[in-house]
Amino acid sequence: MPTAHDAWPVVLVCMPFMDDRRPSLQAGLLAALARAEGFPARTLHANLDFAAGIGVETYRTLAGRPGQLAGDWLFSLEAFGPAAPDPRGDYLDLCADDLAREHGIPADRLRERLLRIRQREVPAYLDALADAPFWQDTQVVGFTSTFQQNTASIALARRLRQRHPHLFTVFGGANFDAPMGPELVRTVDCVDAAVIGEADTAFPHLLRTLATGGDLGSVPALARRVDGKVVTGPPAPPTRNLDDLPMPDYDEYFRRAENLGLLPRTASRAVHLPVETARGCWWGAKHHCTFCGLNAQTMNFRSKSGPRVLDELAHLARRYRSFRFEAVDNILDMRYFRTLFPALVESEASYDLFHEVKANLARAQIELLATAGVTRIQPGIESLSTRVLSLMRKGVTVAQNVNLLRWARHYGIEVDWNLLWGFPGERPEDCSAQAALMPHLWHLTPPGDAGRLAMQRFSPLFTDREGILRDLRPAPPYRYVYPADTDLDRVAYFFSYRLDGALPDDAYAGLRTAVTDWQEAWSDSGAPPVLEYRRAPHYVQIHDSRRSDGAGTHVFEGTAADLYLACCDRPVTADAVRARLGPREPADDVRRVLDTFTEAGLVLRDGPRYLALAVPAARH
């Protein structure tokens with residue numbers, strides 16, 4: 001039987017520059033929540049149309065560097081019209097050279113291409129979207145915005161307002177956390193309202209209120225303009241039981257991607273499906289990493305139960321014909337080592353999983369991840385200096401970071417990690433020690449990127465900046481994107497800065513060179529270097545191909561072999577090694593042998609702890 005809700009169709013839109021290779025979890029979840037309330041709801045992955053139009057390679061290059069704001073700049077003219085700050089394209093003087101290097105084409109050709117996209121292809125793309133017939137029957141259009149989705153979303157909302165003035169436009173996502181969202185509500189007329197924070201409760205409440213003509217002031221966390229001022233409803237309680245959330249709906253993404261030729265029409269799909277198993281960060285709730293700007297007001301950690309995650313993976317795999325999953329969580333729930341991963345092993349499911357983890361995992365935990373189908377992790381390594389890791393408040397040591405890299409390599413898990421520097425309190429010797437260590441780690445996965453930390457809103461370095469930060473201001477690209485009446489201090493997520501107590505750029509030259517050498521060691525040859533050991537009782541052979549000038553085999557017998565094997569599983573002290581071997585070995589002799597291993601580049605010494613660097617040659 002029709003209800004009042006049936007007369008309020010809803011469209012959830014995902015605009016450029018979200019990654020075209022996966023559906024939007026936010027749009028898929030909100031559409032499912034709206035349907036659960038009886039509202040006709042659909043998603044619109046409009047980012048796919050743009051990716052197909054300009055070419056996926058160009059699209060992904062622009063999407064891959066959110067701090068450059070190239071994607072936002074492309075849509076700024078259509079988003080803000082005469083108020084747009086850069087009609088001539090002066091932005092390209094700032095960023096064209098960097099973008100050209102990433103594209104691998106001359107800067108002048110890139111400038112021509114981007115200007116053509118901005119002046120011709122963007123308007124045509126928006127016109128085609130706004131001319132779609134379903135807008136006439138739609139009542140509410142919601143835009144989810146993270147990183148470079150603001151201006152594309154505003155540009156479409158502006159066109160829709162001109163052609164379909166009955167539409168109510170609501171925005172949300174990480175870009176609309178306070179104070180960013182309220183400032184955009186204040187300055188952008190086509191934004192009727194914005195949900196600040198999690199929308200699981202607020203969005204269905206908003207739809208019910210609109211459908212019944214109720215008071216919008218009762219909607220939690222809803223920012224809107226009232227008498228020329230922005231007012232925000234009472235805070236929305238965070239979702240406590242994530243098991244109560246519906247399964248996300250990705251149907252439209254796959255239909256659209258296949259129709260546009262971005263995905264083949266095959267029986268199986270290679271898409272990494274986004275899956276949410278937790279929100280917040282249990283480590284950040286205790287010790288927020290100083291550089292991290294994630295979670296804003298939603299640091300409180302919550303997770304789905306193991307059985308619910310199993311059900312969700314099975315449902316999504318069957319419905320979308322893909323066994324690949326990418327958890328969007330900031331950190332892995334450690335209880336999953338008891339509740340989820342053993343059940344995945346028992347189920348014999350053939351999943352290919354990605355998770356963000358903390359780097360202090362033990363060998364047995366990494367082995368369980370691999371057995372359960374986790375093929376890629378992001379452990380947040382960030383540094384190879386225990387002292388610098390302490391400055392970051394990471395709660396791990398360099399030995400733990402290296403040990404994770406070792407066992408991930410052994411069990412065939414790919415590791416995504418970056419190296420950061422530029423923290424207050426760093427010393428030149430911190431840099432030189434990391435640079436000296438890196439040649440001994442060439443058999444392990446190198447960092448994907450390395451450089452000075454980016455200053456992000458909501459990070460402790462940003463929020464506790466008094467007395468530390470100097471010349472803090474929105475990153476330069478923002479002034480080429482947003483109109484003059486926009487308070488960039490409130491809208492920006494990335495900032496330029498000077499940090500008291502940080503070393504100058506030239507202090508990191510040796511570290512930067514060491515990273516490049518390590519990366520080239522993996523890219524220049526058919527197989528990466530190895531440092532692997534084979535063992536028999538009281539006997540160890542270590543094959544070393546980390547450097548061509550030092551390749552060879554190390555052989556240890558008797559006590560020396562036992563000492564090496566004693567520090568293979570995890571970082572241990574010399575006293576712990578001696579206790580394992582028995583008191584027959586004098587303590588000074590144990591330390592002397594371990595220090596000899598360290599000098600040979602076969603063991604890492606981190607304070608009082610020692611860690612063997614070689615990994616087992618045999619797969620278990």
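Any residue that is loosely packed, with under 12 Cβ neighbours inside 10 Å, closer than 29 Å to S24 by Cα and among the small types (G, A, S) - is there at least one of those in segment 122-134? Yes, segment 122-134 contains a residue that is loosely packed, with under 12 Cβ neighbours inside 10 Å, closer than 29 Å to S24 by Cα and among the small types (G, A, S).
Applying the criterion of at least 3 residues that are within 30 Å of A202 (Cβ to Cβ) and within 25 Å of the chain's Cα centre (by Cα) to the helices (runs of 4 or more DSSP H) found wholly in segment 28-96 leaves 46-54, 70-80.
One line per residue, one yes/no per condition, for (1) loosely packed, with under 14 Cβ neighbours inside 10 Å; (2) more than 22 Å from P447 (Cβ to Cβ); (3) small (G, A, S):
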| residue | (1), (2), (3) |
| --- | --- |
| G510 | no, no, yes |
| D517 | no, no, no |
| A521 | no, no, yes |
| G526 | yes, no, yes |
| A536 | yes, yes, yes |
| I542 | no, yes, no |
| R546 | no, no, no |
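Looking for something in a loop (DSSP other than H, G, I, E, B) and β-branched (V, I, T) - is there at least one such residue anywhere in segment 415-425? No, every residue in segment 415-425 fails to be in a loop (DSSP other than H, G, I, E, B) and β-branched (V, I, T). Contact map, segment 323-350: residues that are closer than 16 Å to R376 by Cα and in contact (Cβ under 8 Å) with a residue 40 or more places away in the chain paired with residues that are part of a loop (DSSP other than H, G, I, E, B) and of a type in the set (D, E), Cβ distance under 8 Å, separation 6+ or inter-chain. Pairs shown: A327/E276; V328/E276; D329/E276.
Part of a strand (DSSP E or B) and either under 24 Å from P439 (Cβ atoms) or not acidic (D, E) (or both): does that describe T559? When the stated conditions are applied, T559 does not pass them.
Filtering D595, D588 for residues that are surrounded by fewer than 15 Cβ atoms within 10 Å (Cβ to Cβ), in contact with a Lys or Arg (Cβ under 8 Å, 6 or more places away or on another chain) and in a helix (DSSP H, G or I) leaves a single hit, D595. The sole residue among F168, F203 that is out of contact with any Pro (no Cβ under 9 Å at 6 or more places or on another chain), in contact (Cβ under 8 Å) with a residue 60 or more places away in the chain, assigned by TED's automatic domain parsing to the domain that holds V11 and among the aromatic types (F, W, Y) is F203. The set of residues from segment 232-250 being within 25 Å of F171 (Cβ to Cβ), in contact (Cβ under 8 Å) with a residue 40 or more places away in the chain and either under 20 Å from the mean Cα position of the chain (by Cα) or not in a loop (DSSP other than H, G, I, E, B) (or both) comprises T232, L242, P248.
Which one is farthest from L222 (Cα to Cα), of the residues in segment 120-159 that are among the polar types (S, T, N, Q) and under 31 Å from the mean Cα position of the chain (by Cα)? The extreme case among them is Q148. In segment 109-147, of all residues being of a type outside the set (S, T, N, Q) and part of a loop (DSSP other than H, G, I, E, B), the one that is modelled with the lowest pLDDT corresponds to F147. Beta carbons closer than 8 Å, at least 6 apart along the sequence or on distinct chains, never pair a first residue in segment 55-66 that is outside the structural domain of V122 (by TED's automatic domain parsing) with a second that is modelled with pLDDT of 95 or more. For segment 563-576, taking the residues that are surrounded by fewer than 20 Cβ atoms within 10 Å (Cβ to Cβ) and modelled with pLDDT under 95, the one that is nearest to V530 (Cα to Cα) is identified as A576. A single entry from D430, D416 fulfils the requirement of being charged (D, E, K, R), surrounded by 20 or more Cβ atoms within 10 Å (Cβ to Cβ) and free of Cβ contacts under 8 Å to residues at least 60 places away in the same chain: D430.
The values are calculated or read from the model by the stated rules, or taken from the named source; none is laboratory data. Just so it is clear, the model here is predicted, and its values are computed rather than measured. Cβ atoms come from the backbone with ideal geometry, glycine included; neighbour counts cover every protein chain shown.
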